[in-house]
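Peer 1: Attaching a single structure in structure tokens format; questions to follow.
The values are calculated or read from the model by the stated rules, or taken from the named source; none is laboratory data. If you're wondering where the values come from, they're calculated on a predicted model, not measured in any experiment. Cβ sites come from the backbone with ideal geometry, for glycine too, and all protein chains shown count toward neighbours.
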Amino acid sequence: MIGLAQTPVVQMKGITKRFGHVVANSQVDLTVYQGEILSLLGENGSGKTTLMNMLSGIYFPDEGQIFVGGREVTIASPKDAFDLHIGMIHQHFKLVDVFTAVENIALGLEGKLVLDKREVAARVKEICDKYGFDVDPNQKVYSMSVSQKQTLEIVKVLYRGADILILDEPTAVLTPQETDKLFAVLRNMKADGKSVIIITHKLHEVMSVSDRVAVLRKGEYIGDVPTAETSPQELTNMMVGRQVSLNIDRPAPKDPKPRLEVRGLNITDSAGVRILKDVSFTANSGEILGIAGISGCGQKELLEAIAGLQSVDKGSSILYLDPATGAQEQIIGQNPKKIRDMGIALSFVPEDRLGMGLVGDMNIPANMMLKTYGEGHGLLVNRKAPRDLAEEVVEQLEVVTPDVFTPVRKLSGGNVQKILVGRELASHPSVLMTAYAVRGLDINTSYAIYDLLNQQKAQGCAVIYVGEDLDVLLELCDRILVLCSGEVNGILDGPSATKEQVGLLMTNLQKGGADHG
């Protein structure tokens, strides 16, 4: 429960922030107490990150007041926030890869011109011992796992004296074991009187770690509730403004037949490092095959190899089995256009939304046209079809945009993802691959996409779903392939698999124990 006599450490009153004609936050009141973990919930575009960016000095409010420790303050820069003992850990880490942990922590600090690494390392060890972190002061960032980088970011703000910590989607790319470790650390920080604000979409984590939940909807503050007195269903209803079902359907596969056969797939990068090692599996029509693994275990390269975007080692095989004729087509060595020309309807939602999926400076109809560019001049003369598709995607997935002609780079990450997923689903694929399809999406839109994936499954599509939320993988997928260090460490039956079982396979390679079915 909230400690220290519910002493307010931060009060935001009447906070309003506009970006042109878009109102991101409207008259928001938010109080944060000392010694509490507060979850900040809301759909995509509800203004959560914008609100916290004003508290951490990245944005400046157009209206309203901020009080820290009962005193009205002006936070015009991240330095102002640090001076007030406020630190934010962003989704995308702000670390220098070639520097060590100690060098990153000391970077930008005022004071001595010569860095005393032993002094910094000693202080880092104090912080780690106090809260339960594990940081090697001399390790280079480029050799760290995602979890280690996040730990370093948290230690960095603590080193600078933060008493109020803001974490934006902190568990997005963590395993269940890493998430449990992080939550144990957060509880230790809370016990020490620190205040922690977590922006997250994962309701089971909200219920597990937070003391109180505050909800935003369309930029407005809806209210807050003690976590012990609420439920995931009630919180979802608060976020969306209506009753939303939280059940993920998993209809049994109907007449599943092999659609893709991957055999002996090996990928070696330019430095000679083997990224994928002898990966073999079959993806069937009418089923959802989940792929689990720690970030960087080869998921991205696997999907890109199937899509014709990643070169593979000699001897690798990816066969496409035509559902109508049963004919086998080798797609190794073919680029995406050639795969399309072979009559294979393959859709791919990549991890990199704007780098590989969409063109940021183009509007939504123009991005819809990219899928069929090169198939003739019809769409280039008559733009009605892509515009109609754009409007359909915007309506069906509730994309928050001024209009369909807005450049996609001006939209939030979640809304960009909706456009990309909508476009790929609209092409009626026989194979659909998604890499983190619901990353950064609110609960309502996530469930809408799960329903759309199940619709593709029901239509006989072979769906390959790379996900980071094991609860969703276990509820949605018919089978789960687990990658560990670039190898298949097991293929589990979705309905009977457990979270602990998948998490263990993700982190402990068991030689010879994989089922390559």
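Peer 1: In segment 315-331, what residues are crowded, with 18+ Cβ neighbours inside 10 Å and under 15 Å from residue 305 (Cβ atoms)?
Peer 2: Those that are crowded, with 18+ Cβ neighbours inside 10 Å and under 15 Å from residue 305 (Cβ atoms): 316, 318, 320, 331.
Peer 1: Hey, another quick one. So which residues in segment 424-469 are in a helix (DSSP H, G or I) and of a type in the set (Phe, Trp, Tyr), if there are any at all? Give the steps one after another, and end with the answer.
Peer 2: Our first condition is that a residue be in a helix (DSSP H, G or I); within segment 424-469, this holds for 424-425, 443-458.
Listed by number, the residues that qualify are 447, 450.
Peer 1: Going through 42, 35, 47 one at a time, which residue ends up being farther than 27 Å from residue 443 by Cβ and among the small types (Gly, Ala, Ser)? Steps first, answer last, please.
Peer 2: Numbers: 42 fails: farther than 27 Å from residue 443 by Cβ; 47 fails: farther than 27 Å from residue 443 by Cβ.
Going through 42, 35, 47 in turn, the sole match is 35.
Peer 1: Is at least one residue of segment 389-400 part of a helix (DSSP H, G or I), within 22 Å of residue 235 (Cβ to Cβ) and acidic (Asp, Glu)?
Peer 2: no
Peer 1: Additional query: Can you name the number of the only condition in (1) of a type in the set (A, V, I, L, M, F, W, C); (2) modelled with pLDDT under 90; (3) in contact with a helix residue (DSSP H, G or I) (Cβ under 8 Å, 6 or more places away or on another chain) that residue 22 fails?
Peer 2: (3) is the only condition that residue 22 fails.
Peer 1: So how many residues does segment 260-290 have that are in contact (Cβ under 8 Å) with a residue 40 or more places away in the chain, closer than 22 Å to residue 313 by Cα and not hydrophobic (A, V, I, L, M, F, W, C)? Step through it out loud before you land on a result.
Peer 2: Step one: of segment 260-290, the residues in contact (Cβ under 8 Å) with a residue 40 or more places away in the chain are 260-268, 274-290.
Among the residues that remain, those that are also closer than 22 Å to residue 313 by Cα are: 260-268, 274-283.
Subset that is not hydrophobic (A, V, I, L, M, F, W, C): 261, 263-264, 266, 268, 274, 277-278, 280, 282.
Adding up the residues that qualify gives 10.
Peer 1: Another question, if that's okay. Restricting to strands (runs of 3 or more DSSP E) lying wholly in segment 291-370: which have 2 or more residues that are touching a residue at least 60 places away in the same chain (Cβ under 8 Å)?
Peer 2: Here the list reads 317-321, 346-349.
Peer 1: Can you tell me how many residues in segment 61-85 are under 14 Å from residue 165 (Cα atoms) and in contact with a Ser or Thr (Cβ under 8 Å, 6 or more places away or on another chain)?
Peer 2: 2
Peer 1: Of the conditions (1) surrounded by 23 or more Cβ atoms within 10 Å (Cβ to Cβ); (2) farther than 18 Å from residue 367 by Cα; (3) in contact (Cβ under 8 Å) with a residue 40 or more places away in the chain, residue 442 satisfies every one except a single condition; which number is it?
Peer 2: Tallying (1) surrounded by 23 or more Cβ atoms within 10 Å (Cβ to Cβ); (2) farther than 18 Å from residue 367 by Cα; (3) in contact (Cβ under 8 Å) with a residue 40 or more places away in the chain, residue 442 fails exactly one: (1).
Peer 1: Could you list, in sequence order, all residues of segment 23-53 that are under 17 Å from residue 218 (Cβ atoms), crowded, with 21+ Cβ neighbours inside 10 Å and over 19 Å from the mean Cα position of the chain (by Cα)?
Peer 2: 24, 25, 28, 30, 51
Peer 1: Which of the strands (runs of 3 or more DSSP E) found entirely inside segment 65-172 contain at least 2 residues meeting this: buried (at least 18 other Cβ atoms within 10 Å of the Cβ), in the same structural domain as residue 202 (by TED's automatic domain parsing) and in contact (Cβ under 8 Å) with a residue 60 or more places away in the chain? Give the steps one after another, and end with the answer.
Peer 2: Working: elements: 71-73, 86-89, 164-168.
Where strands (runs of 3 or more DSSP E) fall fully within segment 65-172 and carry at least 2 residues being buried (at least 18 other Cβ atoms within 10 Å of the Cβ), in the same structural domain as residue 202 (by TED's automatic domain parsing) and in contact (Cβ under 8 Å) with a residue 60 or more places away in the chain, they are 86-89, 164-168.
Peer 1: Which residue is nearest to residue 201 (Cα to Cα), if the candidates are limited to segment 173-182 and must be in contact (Cβ under 8 Å) with a residue 60 or more places away in the chain and part of a helix (DSSP H, G or I)?
Peer 2: Looking at the filtered set, the residue picked out is 176.
Peer 1: I'm checking my understanding of the structure. Among residues of segment 1-19 that are at pLDDT 95 or above and polar (S, T, N, Q), which one is farthest from residue 210 (Cα to Cα)?
Peer 2: The selected residue is 16.
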